[in-house]
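S.K.: Starting off with a structure, shown below.
The values are calculated or read from the model by the stated rules, or taken from the named source; none is laboratory data. Keep in mind it's a predicted model, so treat the numbers as computed, not measured. Backbone-built Cβ (ideal geometry, glycine too); neighbour counts: all protein chains shown. Accessible surface is based on the protein model in full, side chains and every heavy atom, while ligands, DNA and RNA are left aside. Shrake-Rupley method; radii C 1.70, N 1.55, O 1.52, S 1.80 Å.
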Amino acid sequence: MSSFDDTLKTAASAMTAQTLRLRTISENIANANSTAATAGADPYRRKLVTFKNVLDHETGSSAVKVDRIVPDAAPFELKYMPGHPAADGNGYVRMPNVNPLVEMGDLREAQRSYQANVDVIDATNTMISRAIDMLRS
C-alpha cells in the first residue's frame, strides 16, 4: 500500500467522522429550545462526539473513527415558566443544556476540519497526477 493510499484513507475517514459530528451538532441546535412534555421529565440533553485513532493492521494505515457519542453531563438551565406543562411545583421548567453559541463554534471547527481533509485529498490527487505525468515523459 502506498503512502498516497494511506493519506487518502486517513483523510476520508476523518471526513466521515466530521460528518457525524456535524449531524450531532445540528441535532443539538435543533433541540436547543425543546422541553420535556411533562413536569419532572428531563429535556433534551446535549450530545458530544469523541474520536479515536484506529490502526488498520492489514494495511498499516491509520484512520479516524467516532469513538462514542456521549451525553453532556452539564446541568440543565431552569427557566421560570409557570404555565408550561413541564413546569415543576415552583413554576420552573428544565431547559436543554445546549448553548447555541458553543454549538456554532463547534460547527465551525468541524467544518474547518472537514475542509482541511478535502484539501489533503486534493493535494494528494495533484501529487499523484504529477507523478504519473513525470513517469510518462
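S.K.: Taking the condition charged (D, E, K, R) and either assigned to a loop (DSSP other than H, G, I, E, B) or over 30 Å from ASP5 (Cα atoms) (or both), does GLU109 pass?
M.R.: Working: charged (D, E, K, R): yes; either assigned to a loop (DSSP other than H, G, I, E, B) or over 30 Å from ASP5 (Cα atoms) (or both): no.
Judged against the criteria, GLU109 is not a match.
S.K.: If I go through region 32-58 residue by residue, how many of them are closer than 17 Å to ALA12 by Cα and in contact with a helix residue (DSSP H, G or I) (Cβ under 7 Å, 6 or more places away or on another chain)?
M.R.: Counting residues in region 32-58 that are closer than 17 Å to ALA12 by Cα and in contact with a helix residue (DSSP H, G or I) (Cβ under 7 Å, 6 or more places away or on another chain) gives 1.
S.K.: A further question on this structure: Just to be sure before I move on: is PRO75 farther than 22 Å from LEU20 by Cβ and either touching a His at 6+ places or on another chain (Cβ under 7 Å) or at pLDDT 95 or above (or both) in the structure I sent?
M.R.: It is true that PRO75 is farther than 22 Å from LEU20 by Cβ and either touching a His at 6+ places or on another chain (Cβ under 7 Å) or at pLDDT 95 or above (or both).
S.K.: With farther than 22 Å from ILE25 by Cβ, open to solvent by 80 Å² or more (accessible area, probe 1.4 Å) and among the charged types (D, E, K, R) as the only criterion, which of ARG108, ARG130 stands out? Step through it out loud before you land on a result.
M.R.: Numbers: ARG108 fails: farther than 22 Å from ILE25 by Cβ.
Unique residue meeting the criteria: ARG130.
S.K.: Follow-up question, since we're still on this one. Taking GLU103, is it under 25 Å from THR19 (Cα atoms), open to solvent by 80 Å² or more (accessible area, probe 1.4 Å) and under 14 Å from the mean Cα position of the chain (by Cα)?
M.R.: Working: under 25 Å from THR19 (Cα atoms): yes; open to solvent by 80 Å² or more (accessible area, probe 1.4 Å): no; under 14 Å from the mean Cα position of the chain (by Cα): yes.
No: the conditions fail for GLU103.
S.K.: Let me ask something additional. Among the strands (runs of 3 or more DSSP E) lying completely within region 1-86, list those that include at least 1 residues that are under 25 Å from ARG108 (Cβ atoms) and small (Gly, Ala, Ser).
M.R.: Correct list: 62-71.
S.K.: Within region 54-70, track down each residue that is of a type outside the set (A, V, I, L, M, F, W, C) and open to solvent by 80 Å² or more (accessible area, probe 1.4 Å).
M.R.: Listed by number, the residues that qualify are HIS57, GLU58, LYS65, ARG68.
S.K.: Among the residues that make up region 35-52, is at least one of them in contact with a Leu (Cβ under 8 Å, 6 or more places away or on another chain), surrounded by 14 or more Cβ atoms within 10 Å (Cβ to Cβ) and modelled with pLDDT of 95 or more?
M.R.: Taking every residue of region 35-52 in turn, at least one turns out to be in contact with a Leu (Cβ under 8 Å, 6 or more places away or on another chain), surrounded by 14 or more Cβ atoms within 10 Å (Cβ to Cβ) and modelled with pLDDT of 95 or more.
S.K.: A further question on this structure: Any residue at all in region 22-32 that is over 11 Å from the mean Cα position of the chain (by Cα), under 27 Å from ALA123 (Cβ atoms) and surrounded by 14 or more Cβ atoms within 10 Å (Cβ to Cβ)?
M.R.: no
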